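K.L.:
Attaching a single structure in structure tokens format; questions to follow.
The values are calculated or read from the model by the stated rules, or taken from the named source; none is laboratory data. Model, not experiment: these values are computed from the prediction. Cβ atoms come from the backbone with ideal geometry, glycine included; neighbour counts cover every protein chain shown.
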Amino acid sequence: MKYFSLDHIAGMNCHYRYYTLEDFFASLQRRDITHAELWTCAAHYLLDEQGWQDAKALRRTARRYGIEVICLTPEQNNPKPHNLAARDPELIRRTYRYFSNAILAAEELECKLISVSSGWCFYSEPTADGWRRAALMLHELAEKARRHGVTLAMEPLLPSESRLVNTLAGERQMLQDVRSAGLKVNIDLGPVGAAGETTGQWFDAFGQDIVHCHFVDGRPTGHLAWGDGARDPEADLATFYQHGYQGYFTLELTSPDYFTEPWLADQKCLDTLSPWFTGTGKEGKA
């Protein structure tokens with residue numbers, strides 16, 4: 001059964017880090033992928049606490065390749081400097097400015113989503129302290145995002161990345177503590193698989209508040225191309241379909257194995273997913 005169209009798939013530039021941003025856009029165009037989630041690494045799109053590159057110019061470049069950027073993903077996890085659960089007052093100020101700039105850049109880009117996490121805390125401090133800092137920062141940023149027509153979509157992290165939000169229960173508690181309509185759910189199949197949870201359990205918990213997905217294969221995690229892991233894509237897609245999911249499926253591929261020829265990983269995803277997406281199955285070129 002065909003559950004979704006190719007228009008629901010978004011490419012991501014993580015594994016194109018040794019190629020130009022235009023190389024990334026051109027590769028998506030050759031595969032008829034028309035949407036992208038942009039990881040804001042400096043080599044592709046510079047965003048920091050001081051400012052951001054011309055978002056309108058970025059939009060024009062993307063559209064030249066027939067691409068719409070549907071989500072921004074700022075760099076934000078350890079060892080990156082901008083941590084949503086930062087403790088040092090100067091880092092808190094810088095982190096707030098950084099994500100504020102991401103919101104303003106997304107608004108200029110006409111991009112409605114920003115992918116965020118809970119941030120991380122030190123092993124040598126109580127987890128509750130980091131949790132409170134993250135909830136406060138996320139509340140302030142989610143309210144600002146809402147005023148600018150942007151939604152923050154929070155993904156869980158692996159336990160090796162953070163001691164804060166790793167599970168469905170943690171995601172639910174953080175949303176309750178943040179208390180903002182500007183914060184919704186990004187279901188990342190990597191941490192979901194690592195936690196031994198299912199997409200069905202997440203939809204039962206969050207329903208229409210799931211507005212985005214990092215759609216990846218894994219063993220159970222790894223952010224692998226579809227076909228390189230052990231997940232059942234049909235079971236996942238059937239669940240999304242049955243719950244009326246309207247968002248995108250981002251191919252967030254992060255394994256260094258893909259860095260040299262990233263387009264091969266994208267093509268493997270499309271080939272593997274072709275039974276369940278209309279418009280897939282095209283032979284891609286480098």
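K.L.:
Give the residue that is nearest to M1 (Cα to Cα), with candidates limited to residues of region 202-224 that are in a strand (DSSP E or B) and touching an Asp or Glu at 6+ places or on another chain (Cβ under 7 Å).
P.N.:
D217
K.L.:
When you go through (1) more than 18 Å from the chain's Cα centre (by Cα); (2) modelled with pLDDT under 95 one by one for T221, which number turns out not to apply?
P.N.:
T221 satisfies every listed condition except (1).
K.L.:
Among the residues of region 90-136, which ones are of a type in the set (G, A, S) and touching a residue at least 40 places away in the same chain (Cβ under 8 Å)?
P.N.:
Hits for region 90-136 are S100, A102, A105, A106, S115, S117, S118, G119, G130, A134, A135.
K.L.:
On to the next question. Given the options V216, V185, name the one that is among the β-branched types (V, I, T), closer than 23 Å to V150 by Cα and within 14 Å of the chain's Cα centre (by Cα).
P.N.:
V185
K.L.:
Among the residues that make up region 30-42, is at least one of them β-branched (V, I, T), within 30 Å of E234 (Cβ to Cβ) and touching a residue at least 60 places away in the same chain (Cβ under 8 Å)?
P.N.:
yes
K.L.:
It is to be established whether one or more residues within region 75-92 are touching a Phe, Trp or Tyr at 6+ places or on another chain (Cβ under 8 Å) and closer than 17 Å to E107 by Cβ.
P.N.:
The answer is no; no qualifying residue exists.
K.L.:
Let me ask something else. I'm checking my understanding of the structure. Among residues of region 202-236 that are touching a strand residue (DSSP E or B) at 6+ places or on another chain (Cβ under 6 Å) and charged (D, E, K, R), which one is surrounded by the fewest Cβ atoms within 10 Å (Cβ to Cβ)?
P.N.:
The extreme case among them is D209.
K.L.:
Quick one: how many residues across region 225-267 are over 21 Å from C71 (Cβ atoms), assigned to a loop (DSSP other than H, G, I, E, B) and not basic (K, R)?
P.N.:
Residues in region 225-267 being over 21 Å from C71 (Cβ atoms), assigned to a loop (DSSP other than H, G, I, E, B) and not basic (K, R): 8 in total.
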